[in-house]
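Reviewing the structure listed below.
The values are calculated or read from the model by the stated rules, or taken from the named source; none is laboratory data. All values derive from a computational prediction rather than experimental measurement. Methodologically, a virtual Cβ is constructed for each residue, glycine included, from the backbone with ideal geometry; neighbour enumeration extends over all protein chains shown.
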Amino acid sequence: MKTFDVAVIGMGALGSAAAYQLARRGVNVVAFEQFELGHVRGASHDTSRIIRTSYGAPEYVRLAQSAYRDWAELESVTGETFVTVTGGLVFFPEGGPYSADDFRSSLDETGVPYELLTPAEVSARWPQFSLPEGAKAIYTADSGIVHASRSVAALQMQARAHGAVIRDRTPVERLVPDADGVVIHTAHGEVRAGKVIVAADAWTNELLAPLGAEIPLITMQEQVSYFKPADDAAFDRDRFPVWIWEDEYCYYGFPTYGEPSIKAARDVSNNFMTPQERTFVPSPELLEQLTTFMGDTIPGSGQVLRTVTCQYAITLDRRFIISPLEEHPNIIVGLGAGHAFKFTPTFGRILAELAVDGTSTEDISAFGVRPTVPVHL
C-alpha cells in the first residue's frame, strides 16, 4: 500500500488550495477528485466570485484581509491576475432583518475603511441603482471579483508542479483511521496517509457518517443568471461595483466581466436537493423572482441571457468549519458554507498548516466542529 504524508479529498477550490500549499512545503501529498478536474457538479466552476472585507463579523474580516495577501502571493507565483478590484456596495433596506451597524462595528474594529451612504448618495455615484427611501449602503473600495475556474486550475497546476499527486475520476469510498494514520479506500485501490483533509463539500458526510462524525449540512441547488443590459458600458467594472442586497431574501451581483453581461443571483435559494437528486435545471420560479428584483433595483439590467446552476452545502449557522475531528484528529475537515471562495488561498493554507503543524497562524477558534451562535455574514 502506497503511503503519503497527507491526502486531500475533493479538488474544488479549497482542496486544490490545500494540495498546493502542502506541496509547496515539500509534503508528500496525494489528492483525490471523484469527477474530472474542473467539473460543474460542485461550487467552484464558472467565472466570477465576489471578494470583500465587508463582513458583519470581525473574524471573517481578518480572514479576508489575509486572503487578499494570499491572493497577491498566488498571483506573484503564477504570473496571472485573479483579483479585479471594483469597489463594493452592501445594501440594507429599511425595516429589513439586518443592520448596517453590525458591518460598521466589524469594519471599525478591524480598521477597514468604508463609507456609509444614503440612497441619494448612491444614485449620484452609481445611477444604475434605484433604491427605496430609508435604505442604507456601506461602500468598501477594496471589494471586487476573483476568477473562479481559472484560479482553481492554477492551484492544481501549481500543486502538480510542486510534486503533488492528483488522481481525478477517483471516488473515495471510505476512510479507516488507525494508529498509524488513515487508510483511504478508493474505487481504484487503497493508500495510507498520516493525515487526511476532507474538502468534499456536499459529499462530506458520505465519508464522516460511517465514522460517527456527521456534520449537520443543508444542501441545495443554487443558480446565477447573466443579464444583457442595453448599455453594457454603464456596467463596466470601472463604473459599476459588485453589490450585495441584505434583506429577507439576499441578492448579489457583478459588473461586466469578460463579456457584455452582468451576473446576479439570490443567495440561499432553498432549492433543496442532495447531490444525487440534483437536476442541473434552473428553477423558473427563482428566475422570475430574480428578474423582478433586478427590474426594480437595477432597471437597466436588461434581459436574461442564460442561467447556470451550482451547489451549496451550508452549515446550519453559515459558519466555516476548519478543524480536525475530535474523535479522529488525523482527519481535518474544511467546509466553506457557501461563501468561502474569496478565502480560497488562505483556507487552503490553514488546512495545510493544521495537517503539518497541528495549528495555524490564523485565528480559527470560531471555526471548530461544534455548535456556534448563528451570526449574519
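Data table
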| quantity | calculated |
| --- | --- |
| Every residue from the range 191-206 that is under 29 Å from residue 278 (Cβ atoms) and surrounded by fewer than 20 Cβ atoms within 10 Å (Cβ to Cβ) | 205, 206 |
| Lone qualifier among 322, 332 - being over 24 Å from residue 51 (Cα atoms) and part of a strand (DSSP E or B) | 332 |
| Residues (polar (S, T, N, Q) and under 30 Å from residue 70 (Cβ atoms)) located in the range 128-148 | 140, 143 |
| Some residue of the range 23-35 being over 19 Å from residue 204 (Cβ atoms), assigned by TED's automatic domain parsing to the domain that holds residue 204, at pLDDT 95 or above and of a type in the set (D, E, K, R) | yes |
| In the range 95-122, the residues that are without any contact (Cβ under 8 Å) to a residue 40 or more places away in the chain and part of a loop (DSSP other than H, G, I, E, B) | 95, 99, 111, 113, 118 |
| Qualifying residue in the range 126-138 (condition: out of contact with any Pro (no Cβ under 8 Å at 6 or more places or on another chain) and part of a strand (DSSP E or B)) | yes |
| Subset of the range 98-126 [at pLDDT below 95 and surrounded by fewer than 16 Cβ atoms within 10 Å (Cβ to Cβ)] | 99 |
| Count of residues meeting criterion [closer than 23 Å to residue 39 by Cβ, under 21 Å from the mean Cα position of the chain (by Cα) and surrounded by fewer than 18 Cβ atoms within 10 Å (Cβ to Cβ)] in the range 268-304 | 7 |
| Filter result (in contact with a strand residue (DSSP E or B) (Cβ under 6 Å, 6 or more places away or on another chain) and small (Gly, Ala, Ser)) within the range 57-104 | 88, 100 |
| Matching entry among 154, 67 (being outside the structural domain of residue 256 (by TED's automatic domain parsing) and not hydroxyl-bearing (Ser, Thr, Tyr)) | 154 |
| Selection within the range 171-181 - surrounded by fewer than 19 Cβ atoms within 10 Å (Cβ to Cβ) and in contact with a strand residue (DSSP E or B) (Cβ under 8 Å, 6 or more places away or on another chain) | 171, 173, 174, 176, 177, 180 |
| Checking residue 147 against (1) in contact with a Ser or Thr (Cβ under 7 Å, 6 or more places away or on another chain); (2) over 27 Å from residue 54 (Cβ atoms), the condition it does not meet | (2) |
| Selection count, the range 61-94, where residues are assigned to a strand (DSSP E or B), buried (at least 21 other Cβ atoms within 10 Å of the Cβ) and hydrophobic (A, V, I, L, M, F, W, C) | 4 |
| Residues satisfying the stated conditions in the range 127-166, i.e. surrounded by fewer than 20 Cβ atoms within 10 Å (Cβ to Cβ) and more than 23 Å from the chain's Cα centre (by Cα) | 127, 130, 132, 133, 134, 161, 162, 163, 165 |
